[in-house]
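Peer 1: Before I ask anything, let me first share the structure, which is written out below as structure tokens.
The values are calculated or read from the model by the stated rules, or taken from the named source; none is laboratory data. A quick note: this is a predicted structure, and the numbers were derived from the prediction, not measured. Quick reminder, even Gly has a Cβ in these numbers, built from the backbone with ideal geometry, and neighbours come from all protein chains shown. These area figures cover heavy atoms from the full protein model, side chains too; ligands, DNA and RNA do not enter into them. Shrake-Rupley method; radii C 1.70, N 1.55, O 1.52, S 1.80 Å.
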Amino acid sequence: MSQLPTSRDRILDAAAIVLVERGVVGATTRELARAAGCSEALIYKNFADKQELFLAVLTERMPRIELPEASDRAALPETLASIVTALLSFYTKTFPMAASIFGAPELLAEHREGVRAHGYGPEGVVPLVAHLLGEEQSAGRIRADADLESAARLIVGVAFHRAFLAAYDGKREVPDAAAFAARSIASLLPSLAP
């Protein structure tokens with residue numbers, strides 16, 4: 001017997017649709033409540049604020065940035081390409097939600113403070129990738145003198161830009177993601193390979 005969705009699940013499902021269609025700025029709690037078939041009060045019973053709801057949608061309804069575990073990693077080119085592919089998926093699907101906020105400086109500041117108060121923010125992706133690169137370096141697959149932070153910034157940047165272009169063109173995914181990731185990593189490998 002299947003379990004009925006909780007009010008929290010209904011809110012998250014509706015918020016994922018509304019946030020992608022309207023962006024953070026255009027998605028009012030009134031509209032979110034209407035889409036979820038609940039009251040605004042029920043939204044605030046489940047989420048402390050709009051930022052917490054936004055973060056829950058990111059972490060529970062959008063593709064996760066899943067980096068390969070050490071035991072699951074293949075050769076360095078494939079491992080790094082899988083990172084780019086994961087980032088492409090995440091960024092392409094989340095751009096429509098976040099992009100609208102940049103047109104409203106006061107709301108952007110409020111959103112930034114709220115997201116950081118919950119311990120999140122876009123700046124966390126580079127250290128995450130740099131950490132994985134450090135593990136690869138410790139395993140001898142990346143040379144000892146490689147600049148891991150710069151490499152992580154390049155990996156994140158190439159995925160971010162390509163995903164932005166796909167989102168700009170109205171696409172929900174990068175059509176050539178795997179091939180693009182492999183080409184991008186091929187140009188970075190000479191600076192990392194031992």
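Peer 1: Here is a check on your reading of the model: is residue 126 of a type in the set (A, V, I, L, M, F, W, C) and either part of a helix (DSSP H, G or I) or out of contact with any helix residue (DSSP H, G or I) (no Cβ under 9 Å at 6 or more places or on another chain) (or both)?
Peer 2: yes
Peer 1: Next question, about the same structure. Inspect the range 89-106 for any residue being part of a helix (DSSP H, G or I), in contact (Cβ under 8 Å) with a residue 12 or more places away in the chain and more than 17 Å from residue 20 (Cα to Cα) and give the result as yes or no.
Peer 2: Checking the range 89-106: not a single residue is part of a helix (DSSP H, G or I), in contact (Cβ under 8 Å) with a residue 12 or more places away in the chain and more than 17 Å from residue 20 (Cα to Cα).
Peer 1: Quick test for you: out of 60, 31, pick the one residue that is of a type in the set (Asp, Glu), under 26 Å from residue 89 (Cα atoms) and not in a loop (DSSP other than H, G, I, E, B).
Peer 2: None of the others qualify; the one that does is 60.
One line per residue, one yes/no per condition, for (1) over 20 Å from the mean Cα position of the chain (by Cα); (2) over 17 Å from residue 75 (Cα atoms):
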residue: 155; (1), (2): no, no
residue: 158; (1), (2): no, yes
residue: 163; (1), (2): no, yes
residue: 166; (1), (2): no, yes
residue: 172; (1), (2): no, yes
residue: 176; (1), (2): no, yes
residue: 180; (1), (2): no, yes
residue: 185; (1), (2): no, no
residue: 194; (1), (2): yes, no
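Peer 1: I've got another one for you. Give the residues of the range 142-194 that are of a type in the set (Lys, Arg) and either farther than 27 Å from residue 19 by Cβ or not in a loop (DSSP other than H, G, I, E, B) (or both), sorted by residue number.
Peer 2: Listed by number, the residues that qualify are 143, 153, 162, 183.
Peer 1: Among the candidates 34, 22, which residue alone is out of contact with any Cys (no Cβ under 8 Å at 6 or more places or on another chain) and loosely packed, with under 15 Cβ neighbours inside 10 Å?
Peer 2: Only one candidate qualifies: 34.
Peer 1: Select from the range 172-190 the residues that are open to solvent by less than 30 Å² (accessible area, probe 1.4 Å) and aliphatic (A, V, I, L, M) and list them in ascending order.
Peer 2: Passing the criteria: 174, 177, 181, 185, 188.
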